[in-house]
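The values are calculated or read from the model by the stated rules, or taken from the named source; none is laboratory data. Bear in mind the structure is a predicted one, so any value in this text is a computation, not a measurement. Quick reminder, even Gly has a Cβ in these numbers, built from the backbone with ideal geometry, and neighbours come from all protein chains shown. SASA here: full protein model, heavy atoms, side chains in, ligands and nucleic acids out. Shrake-Rupley method; radii C 1.70, N 1.55, O 1.52, S 1.80 Å.
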Amino acid sequence: PITSDPPFHHDARKLLLPAFTRSAVAEHEAATRAYCHELIDALKGRQTVDAARDYAQHIPMRVISGMLGFPPEDGPRFREFVENVLESVNQPPEERFELFNALTDYLVAQINDHIAHPRDDLTTYLINAELHGRKLDPLHVVGMVMLLLIAGIDTTWSAIGASLWHLARTPADRERLVAEPGLLPTAMEELLRAYAPVTMARLVKQDMHWNGVDMKADDWILLSFPAANRDPAQFERAGEVVIDREVNRHAAFGLGIHRCVGSHLARMELRVALEVWLERFPAFTLADPAAVTWAASQVRGPRTLPLRIL
């Protein structure tokens, strides 16, 4: 759905909607919370932890793999696939092709296993789903599963990591959220606005001239949701993080027909990850601000985030 136009887009997207409704997502919350506590348990006794590598990155990998019915122990492979696909933009085409092939081969193997051994998960649902009276082409299933892995993992771990980075360097906000946990859903939307992880690429539909720039049909353009979220024409104090901001129509999940289908899932994962972290580690700070590294691609978030537990 992410690369298609109407009318096909509507029907292809509609296939995914039942798995990502608010009520469907709520069924995954208890397991997500238990897993977050499990990750925190593994960090006990450590004064310094990498909140990106040891916490944020594991959560969406476990959630998505569970929804798709993939082996949970394959989490490290998902991280490698996602990083390779999203951060290989400057590599030669043949190298990028090789990286995509590794992911495609893995997905084909998983889908074949689901065909041979059907179970109650999203992959089996997609294999059996029909579009316009016909079952989905196997390549369509591969593409949809790849979309869920790529779009559902790095984006969410980046949002979790960026939120923890902000709270580590802004003790007043951290202390307020610990004291007022009911404020977290509002604060979370502001953190999504301020640190929106995604910049999407789109194709120009027809030749046009806009703001002094000539654009030709089929040119690629980048739509910077993070920049839109800092637009002073849309937000008061646009450059500040205001965790009790009430009116917050941000574009972190995109706009229009291609708005993120998994926004309810991402919000649940982000909220639960922050709730558990603040409950278990109410006081923390950056261990070394210079040691924080960020992904440099269409998805931006901390790749390494050393925090000192106080």
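Some observations on this one:
- Positions within region 1-34 being open to solvent by 70 Å² or more (accessible area, probe 1.4 Å) and assigned to a loop (DSSP other than H, G, I, E, B), in sequence order: Thr3, Asp5, Pro6, Pro7, Glu27
- Total residues in region 42-70, condition surrounded by fewer than 17 Cβ atoms within 10 Å (Cβ to Cβ) and closer than 23 Å to Tyr125 by Cβ: 1
- Of the numbered criteria (1) in a helix (DSSP H, G or I); (2) in contact with a Pro (Cβ under 8 Å, 6 or more places away or on another chain); (3) within 30 Å of Glu240 (Cβ to Cβ); (4) modelled with pLDDT under 95, the one Leu147 fails is (3).
- Figure legend. Inter-residue proximity from region 167-189: first residues surrounded by 14 or more Cβ atoms within 10 Å (Cβ to Cβ), second residues in a helix (DSSP H, G or I) and modelled with pLDDT under 95, beta-carbon distance below 9 Å, spacing 6+ or different chains. No pairs are indicated.
Conditions (1) touching a residue at least 60 places away in the same chain (Cβ under 8 Å); (2) within 30 Å of Arg303 (Cα to Cα), marked per residue:
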site	(1), (2)
Val198	yes, yes
Leu203	no, yes
Met208	no, no
Trp220	no, yes
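- Exactly one residue out of Thr186, Thr170 is of a type in the set (Ser, Thr, Tyr) and either under 19 Å from Ala290 (Cα atoms) or at pLDDT below 95 (or both): that is Thr170.
- Residues satisfying the stated conditions in region 203-227, i.e. open to solvent by 60 Å² or more (accessible area, probe 1.4 Å), in a strand (DSSP E or B) and not aromatic (Phe, Trp, Tyr): Leu203, Met208, His209, Val213, Asp214, Leu222, Leu223
- Residue match in region 34-49 (condition: closer than 23 Å to Arg259 by Cα and aromatic (Phe, Trp, Tyr)): no
- Of all residues in region 149-161, exactly one satisfies the criterion of being open to solvent by less than 10 Å² (accessible area, probe 1.4 Å) and out of contact with any helix residue (DSSP H, G or I) (no Cβ under 7 Å at 6 or more places or on another chain), namely Ser158.
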